[in-house]
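**Q** I'd like to ask some things about the structure below.
The values are calculated or read from the model by the stated rules, or taken from the named source; none is laboratory data. Small disclaimer: the values here were computed from a predicted structure and weren't measured. Because the Cβ atoms are built from the backbone with ideal geometry, glycine has one as well, and the counts that use them run over all protein chains shown.
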Amino acid sequence: MSKSRYPDNWNEIAFKQKEKVKWQCQKCGVQCLKPGDKTAHLSKSDRAKLTLVVHHSNYQPEDNREENLICLCTACHLSYHTGKRGNISIGQLSLDLDF
Ligand SMILES: [Zn+2]
Ligand SMILES: [Zn+2]
């Protein structure tokens, strides 16, 4: 699984974006987990649901202009992908979901 389409400082870009939206999903508004949050009481699937992902609006990971980036919870992120590209493979999506 290659991450070569992402820039070297992608983690940094994504983190800044998440900080900017205060770790809230920009679609449904759910408050996601941020580093340092206590998650021991959450199940693995709950933690996964509350993981904020930085999504590329135009589906081009190399386009990291701020207006192309949107922070989404896992459910909204999935709906963006399954809604727009019905034939997306799990592999493609999990690449995106790493962040
Ligand atoms: Zn959401
Ligand atoms: Zn995405």
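**Q** Of all residues being away from ligand 2 (no atom under 12 Å from the Cβ), in a helix (DSSP H, G or I) and at pLDDT 90 or above in the stretch 61-99, which is nearest to GLN17 (Cα to Cα)? Just the residue, please.
**A** Step by step, filter the stretch 61-99, then rank; the result is GLU66.
**Q** Please determine whether any residue of the stretch 26-46 is within 14 Å of ASN11 (Cα to Cα), of a type in the set (A, V, I, L, M), surrounded by 12 or more Cβ atoms within 10 Å (Cβ to Cβ) and touching a Ser or Thr at 6+ places or on another chain (Cβ under 8 Å).
**A** Within the stretch 26-46, not a single residue is within 14 Å of ASN11 (Cα to Cα), of a type in the set (A, V, I, L, M), surrounded by 12 or more Cβ atoms within 10 Å (Cβ to Cβ) and touching a Ser or Thr at 6+ places or on another chain (Cβ under 8 Å).
**Q** Another question about this same structure. Considering each of LYS44, LYS34 in turn, give the residue that is away from ligand 2 (no atom under 16 Å from the Cβ) and either under 13 Å from the mean Cα position of the chain (by Cα) or at pLDDT below 90 (or both).
**A** LYS34
**Q** Return yes when ALA14 is assigned to a helix (DSSP H, G or I) and modelled with pLDDT of 95 or more and no when it is not.
**A** Against the criterion (assigned to a helix (DSSP H, G or I) and modelled with pLDDT of 95 or more), ALA14 qualifies.
**Q** Still on this structure: Between LEU52, LEU69, LEU33, which is touching a residue at least 12 places away in the same chain (Cβ under 8 Å) and within 10 Å of ligand 1 (Cβ to nearest atom)?
**A** LEU52
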